[in-house]
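The values are calculated or read from the model by the stated rules, or taken from the named source; none is laboratory data. Note that the structure is predicted; figures quoted are calculated from it, not measured. Virtual Cβ from ideal backbone geometry, glycine too; neighbours counted across all protein chains shown. Just the protein is used for accessible areas: all its heavy atoms, side chains included, with ligands, DNA and RNA removed. Shrake-Rupley method; radii C 1.70, N 1.55, O 1.52, S 1.80 Å.
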Amino acid sequence: MQARGAAFLRTTAFRQTLLSAALFALASFVTLGFVYAASAGMVLRRADAAINEEVAELDASFQAGGIRTVNRYILERTVGGGADYLYLLVHPSGRSLSGNLTYLPDVQPDDEGRVQFTYRRPAAGESGNEVDDGKDDRTARGRIIDLPSGYRLYVGLDVDEETRLVSRMLNTILAASALALALGVAAGIFVSRRFVRRLDRINTVARRVKAGDLQPRAPRNFTGDELDELSENFNNMLDRVEALMHRMRHTGDSIAHDLRTPLTRMRNRLDEALREDGDRASREQALERAVADTDELLGIFNAILSLSRLEAGESRATIQRLDPADIAGDLAELYEPVCEDDGLSFNSEIQSGLTLLGDRGLLSQALANILDNAVKYTPSGGAVTLRLRETGEGMIEFSVTDTGPGIPDTDRERVTQRFVRLDNSRTKPGSGLGLSLVQAIVDVHNGRFELGEGPGVVADGHGAGLRASLCFPKAPSDKA
């Protein structure tokens, strides 16, 4: 438990939260310190202003009647102990003449004669004598003025309440800053613990995946925050990894199934060629068929290699500006006689003046694979149509439609995977890699491969058909 707590204190979340709390406490301290400085300055300025006004009154009295007038003014102000101000008039001999203070403060005045000191104000007894009221020392602020003939006058003001208020304000500021820091740390611990708990759950899933279990997924709270987005991306990655692992587990069976037939035929034909009772012509025919089977095997392996290279991104360097009408025209010229030989009607609609960024060889291969499937699965008397156009959303689309049996909705996504063939009996030649290769080529070109319903009508052995479209973004203008 202690080790886990120490580890928690070392987490980035806690450190960042602690830093934020410290910065917040510092900002609070600076703000409240400014308020304190402004408040304390205002108290002192108000006291100094009041003292200066009283000094002006005493100066006017001195100018009017000298020391006696000043003495009488002080006596009148301090009779009964109710004076707001503090006074002390001192004779040149050092004897106090009048005032409500017993001594001059032993404090060095500043350049303007101001002093601040503590004192204990005497209270009047029953006989009229001054006695100590036993109260604590109080704070006063005032001015010491040197009068002619050696007289000295102190005029001050009791600022004890104001000073205590400012002191309490300072203590409050310090306490508030400490409280802000403590609350910030506490809130940081709470928030960072929640953050770390969510990360721990993601790390737990990662450890289980590392151990070979691909089933668990990172929990989400669907708030759209960064951890929820991380969980979503992590889960999508796991889905992709699981799909790849599933594909790898079944690829071996699919390869074995697709290679077993040509290998078996090749062995039988080679065995037939080795028979002693066979003539030269039959042996040559068997060898020619074996060579054809070898070519079929090489085609499968070449398709696998091409697909792997495409998925690794090796063909991106050959992408350049090209006219897709050239590709569509060449393939239309190539497949029109093929369709005629198979009893199919072939049509082409090619829009010119379009430009895209791509690899001519790869695009031709993708379109040829789709045309091969259309010709292969469309029965005699059907129709195949090749189109090239610009869509309403500004994409360049190659499309091939046929009147063959089509592909059910539930299988259209599955047929783009490796070695997937809807013809489970393998009555048609093929490796199940054609549409996988098309999908990989489209991905390299940042395009979109879609399968949909064709224009056919289910009648006389014909199905609804299939519409296969390859959509690519237009090339940007080169006028920049």
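Worth a mention:
- Conditions (1) open to solvent by 10 Å² or more (accessible area, probe 1.4 Å); (2) at pLDDT 85 or above; (3) outside any helix (DSSP H, G or I); number of the one not met by Ile396: (1)
- Some residue of region 102-111 being over 18 Å from Leu157 (Cβ atoms) and polar (S, T, N, Q): yes
- Just one of the listed residues (Arg114, Arg121, Arg143, Arg138) is charged (D, E, K, R), at negative phi and modelled with pLDDT of 85 or more, and it is Arg143.
- For Leu58, the requirement of being under 30 Å from Phe190 (Cβ atoms) and aliphatic (A, V, I, L, M) is not met.
- The single condition among (1) in contact with a strand residue (DSSP E or B) (Cβ under 7 Å, 6 or more places away or on another chain); (2) aromatic (Phe, Trp, Tyr); (3) assigned to a helix (DSSP H, G or I) that Tyr154 does not meet is (3).
- Scanning region 179-202 for residues that are more than 11 Å from Ala21 (Cβ to Cβ), open to solvent by less than 60 Å² (accessible area, probe 1.4 Å) and at pLDDT 80 or above yields Arg198, Leu199, Asp200, Ile202.
- Given (1) part of a strand (DSSP E or B); (2) open to solvent by 20 Å² or more (accessible area, probe 1.4 Å), number of the condition Ser380 does not satisfy: (1)
- Single residue of region 158-178 satisfying the filter (among the aliphatic types (A, V, I, L, M) and open to solvent by less than 30 Å² (accessible area, probe 1.4 Å)) that is farthest from Ala25 (Cα to Cα): Val159
- Set Ile202, Ile173, Ile144: member being under 29 Å from the mean Cα position of the chain (by Cα) and among the hydrophobic types (A, V, I, L, M, F, W, C): Ile202
- Answer residue from region 450-466, given it is modelled with pLDDT of 80 or more and surrounded by 19 or more Cβ atoms within 10 Å (Cβ to Cβ) and is nearest to Pro324 (Cα to Cα) among those: Leu451
- Some residue of region 217-226 being modelled with pLDDT of 80 or more, assigned to a helix (DSSP H, G or I) and among the hydroxyl-bearing types (Ser, Thr, Tyr): no
- Filter result for Ser28 (touching a residue at least 40 places away in the same chain (Cβ under 8 Å) and of a type in the set (S, T, N, Q)): yes
- Any pair with Cβ under 8 angstrom, 6 or more apart, that starts in region 319-334 at a residue that is under 12 Å from Gly361 (Cβ atoms) and ends at one that is in a strand (DSSP E or B) and open to solvent by 50 Å² or more (accessible area, probe 1.4 Å): Ile319/Leu357; Gln320/Leu357; Leu322/Leu357
- The lone exception for Arg77 - which of (1) in contact (Cβ under 8 Å) with a residue 60 or more places away in the chain; (2) crowded, with 16+ Cβ neighbours inside 10 Å it fails: (1)
- Residue identified as of a type in the set (Ser, Thr, Tyr), in contact with an Asp or Glu (Cβ under 8 Å, 6 or more places away or on another chain) and more than 21 Å from Ser149 (Cα to Cα) among Tyr85, Tyr36: Tyr85
- Here Arg426 meets the list (1) at pLDDT 85 or above; (2) in a loop (DSSP other than H, G, I, E, B) almost entirely, failing just condition (1).
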